[in-house]
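Just so it is clear, none of the values below were taken in a lab; they were calculated from the coordinates. Quick caveat, the model's predicted, so the values are computed rather than measured. Glycine gets a Cβ as well: all are built from the backbone with ideal geometry, and neighbour counts include every protein chain shown.
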Amino acid sequence: MSDWTCSKCGAGPDGLCSVTGEAPVPLPAPPYHNEYGRRIQAQVCEPTWERWKAQEVMIVNEYRLNLLEREDRAQLRQAMQDFLGLKP
């Protein structure tokens, strides 16, 4: 992963993570078992993913999202893409 760079904090193999101030740590495994999960693993460092998980809880609670509803899942996915700096 020599060309790996976090899409959110910009950390790469020669830079430091803006969250921890240390060398970036890639996700050890894809967070989802599909192509999108592999894309996240390839573009997001572990500290940024941990920050997203905390933000995700706040978004679900703030907007009172019901993840059984397709529209609410789409809203959460859009928020994740925006937070992580991923393009759809």
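Highest mean packing first, where packing is the average number of other Cβ atoms within 10 Å per residue, the peptides 54-62, 36-44, 75-83 line up as 36-44, 75-83, 54-62.
Taking 0.36 nm per residue of sequence separation and removing the Cα-Cα distance, the Trp4/Arg73 pair yields an extension gain of 22.0 nm. Name the shape class, rounded, prolate or oblate, that the alpha-carbon gyration tensor gives for the chain, where a ≥ b ≥ c are the square roots of its eigenvalues, rounded holds for a/c under 1.5, and otherwise prolate holds if a/b is larger than b/c and oblate otherwise. In terms of gyration-tensor shape, prolate.
Subtracting the Cα-Cα distance of Tyr36 and Glu56 from their residue separation scaled by 0.36 nm leaves 5.5 nm.
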